[in-house]
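What follows is calculated from the coordinates using simple rules that are stated; it is not laboratory data. Note that the coordinates shown come from a computational prediction; the quantities given were computed from them, not determined experimentally. Neighbour counts are summed over all protein chains in view; Cβ atoms, including those assigned to glycine, are modelled from backbone coordinates with ideal geometry.
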Amino acid sequence: MSRYEADPNNSKKMIPKQTDTVNASGIATFATDALAQVSNPVAGTMTFSQQSNKIFIYNGTAWVKTAALS
């Protein structure tokens, strides 16, 4: 998958594709565990906490923490 797309103003040029996420994984990153457990999520929502280096996954009822990433 290319990281570039045709420039709409000049077909001979390529420009970087724009993303709507702040990181390549698309998982929202938060400074603390408490902030990572966002309110009103849908089942399957994933967030990452820099405090504990863990991914949180909402299972539809509660937030579940993964093992720490190294």
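Measuring from label point to label point, each 7 Å out along Cα→Cβ, what is the Lys13 to Val64 span in nm?
Going from the Lys13 label point to the Val64 one covers 4.8 nm.
Contour minus end-to-end for Gln50 and Ala6, with contour as 0.36 nm per residue of separation and end-to-end as the Cα-Cα distance? Mind dumping the intermediate values first?
Numbers: separation 44, 0.36 × 44 = 15.84 nm, distance 3.58 nm.
Full-extension gain reported as 12.3 nm.
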